[in-house]
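Computed from the coordinates by the stated procedures, all read-outs in this text should not be read as laboratory data. Source: prediction; values computed, not measured. Neighbour counts run over all protein chains shown; Cβ positions are idealised from the backbone, glycine included.
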Amino acid sequence: MFVFFLVFFIFISITMQGLVIKNTGSWYTVKTVEGDIVECKIKGNFRLKGIRSTNPVAVGDHVEIERNQQDTAFITAIGDRKNYIIRKSQNLSKQSHIIAANVDQAFLVVTVERPQTSTTFIDRFLATAEAYSVPVVLVFNKTDLLDDDLMRYQQMMMDLYETVGYKCVPVSAETGDGMDVLMTLLHDRITLLSGHSGVGKSTMINRLLPGVNLRTAEISDAHNTGMHTTTFSEMLPLPGGGYIIDTPGIKGFGTFNMEPEELTSYFKEIFHFSKDCRFNNCTHTHEPGCAVLKAVEDHYIAASRYQSYLSMLEDKDENKYREAY
């Protein structure tokens, strides 16, 4: 009888609720509602429930965990997500990669120099955020490196996206210029920080959260590109309330699970003009009476935004080369 109760005690499990605050690939760090920090794995059956993703559990997920007396814990259930940011996985068999879930906003950090962020990349991120109901602020970093010509180019980009309806904030994480604006926007919110490697996300977090001391790296002079310094996703608490979700730099942004007929609604200005097209099923590529094509011709829609739209129309082709994004 004594042996029976001993065995029962060892294998009894405790169910707890928590928030995923870190994902290193195979392990998930969960902060429970009681404030405990628990290292967890996921049960194999998660991958049998139709979740076609490299990471069925993401930072920001509300989860249920089972913890036993051997201090082993497993994530057993995921709560409903209010939103998430997702992109095409480089491993096509996995279909997708969820960058973060349940966020109040996303800061897309872009740079016009060292490295240069393309409008195609920006537009793909913005369209995905529109699709999954995530507000985006465009943060233009490294203003301290810009000469007069590059400063004018940055202002042109900011004017373009502000006209579309996105807030743009110029900053220098290196000198601290503009960081007070970001701190105000971050207050008491869960904010995803994303962008290419080398745009200064880690430097920005070090400026916003003194003492965190995230590792940074120099830009490659040969290729004018950044090197990965963040290798996993993590929620970092802000002193005034809220979290920053730090994520690894992303080279490409292939869109996932977007139907061509839905794409128009993810470009604010294209959707605005599309209401005046002659045909309800207009693809805005060749049809007569297309109000979108007329708006592009008359410069009411930026050519770069329209080209991004055309590029994304082709994303249903599984063999499309995505490294350039």
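Just want to confirm a number: the relative contact order over segment 85-202, from Cα pairs under 8 angstrom separated by 6+ residues, in percent.
Once normalised by length, the contact order is 33 percent.
For segment 23-45 and segment 116-181, compute the distance between their C-alpha centroids and round to whole Å.
34
What residues have an amide H closer than 5 Å to that of Leu238, excluding those fewer than 5 places away on the same chain, when H is modeled at 1.01 Å from N in the peptide plane?
Tyr243, Ile244
Of the listed peptides 265-276, 186-197, what is their order by residue-averaged count of other C-beta atoms within 10 Å, with the highest listed first?
186-197, 265-276
What trypsin sites (Lys or Arg not before Pro) in segment 87-181 are in a loop by DSSP, with at most 11 other Cβ atoms within 10 Å of the Cβ?
none
Considering only Cα-Cα distances, which of the following residue pairs are longer than 29 Å: Lys88/Lys201; Lys43/Lys268; Lys88/Lys268; Lys41/Lys142; Lys201/Lys294?
The answer is Lys43/Lys268; Lys41/Lys142; Lys201/Lys294.
Given axes a ≥ b ≥ c from the Cα gyration tensor, I'd like to know whether segment 127-190 is rounded (a/c under 1.5), prolate (a/b larger than b/c) or oblate.
Values: a/c = 2.72, a/b = 1.27, b/c = 2.15.
Oblate is the answer for segment 127-190, as a/c is 1.5 or above yet b/c matches or exceeds a/b.
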